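Nothing in this text is a laboratory measurement; each read-out follows from the coordinates by a stated rule. Note that the structure is predicted; figures quoted are calculated from it, not measured. Note: ideal-geometry Cβ built from the backbone for every residue, glycine included; neighbour counts use all protein chains shown.
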Amino acid sequence: VHLVESGGGLVQAGGSLRLSCAVSGTPFGIRTMGWYRQAPGKQRELVATIRYEGGNIDYADSVKGRFTISRDTVKNTMPLQMDSLKAADTAVYYCNANTGRYIYWGQGTQVTVSS
């Protein structure tokens, strides 16, 4: 399984960005996918998760009502729409795929929110 994130960048507070995670390879056995983030000096934290087929969505409290995770099963991507961005959202964002036995990570994409 190969995961590639895209869509990061620099945005002002209150703005929006749309990340995407492209899935390639043999995605056999993937149960859930998710977005995580890691800010400088902090541990990697969960942002949102979704079942591989879509549905059963969960969000971190800090992003509820502002971020929207989804699955495009035709293109095999996982978008993350981020609205009302805050400086606290600044981090490297990672795509994750979990088979229950193996966990796959993308290389990450930087999101910087200027206040």
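Any idea what the dipole of the chain comes to, in debye rounded to 20, about its Cα centre with Lys/Arg Cβ at +1 and Asp/Glu Cβ at -1?
Dipole magnitude for the chain comes out near 120 debye.
Just the number, please: percent antiparallel of the DSSP beta bridges in the chain, rounded to the nearest 5.
Approximately 90 percent, going by the DSSP bridge assignments.
Residue separation times 0.36 nm, minus the C-alpha to C-alpha distance between K64 and T99: what's the value?
So the chain would gain 10.1 nm between K64 and T99.
Can you return the aspartates and glutamates within cross-link range of K42? Criterion is Cα-Cα under 18 Å, with same-chain partners fewer than 8 residues away left out.
Excluding near neighbours in sequence, the set is D61, D89.
Could you list the residues of the range 1-41 with an amide nitrogen less than 14 Å from a label point located 7 Å from the Cα of R51 in the Cα-to-C-beta direction?
Output list for this probe position: 30-33.
How far apart, in nm, are two points set 7 Å out from the Cα along the Cα-to-Cβ line at S115 and at Q12?
1.7
Tell me whether the range 43-115 comes out rounded, prolate or oblate; compute the Cα gyration tensor, take square roots of the eigenvalues as a ≥ b ≥ c, and use a/c under 1.5 as the rounded threshold.
Taking the square roots of the gyration eigenvalues as a ≥ b ≥ c, the range 43-115 is prolate.
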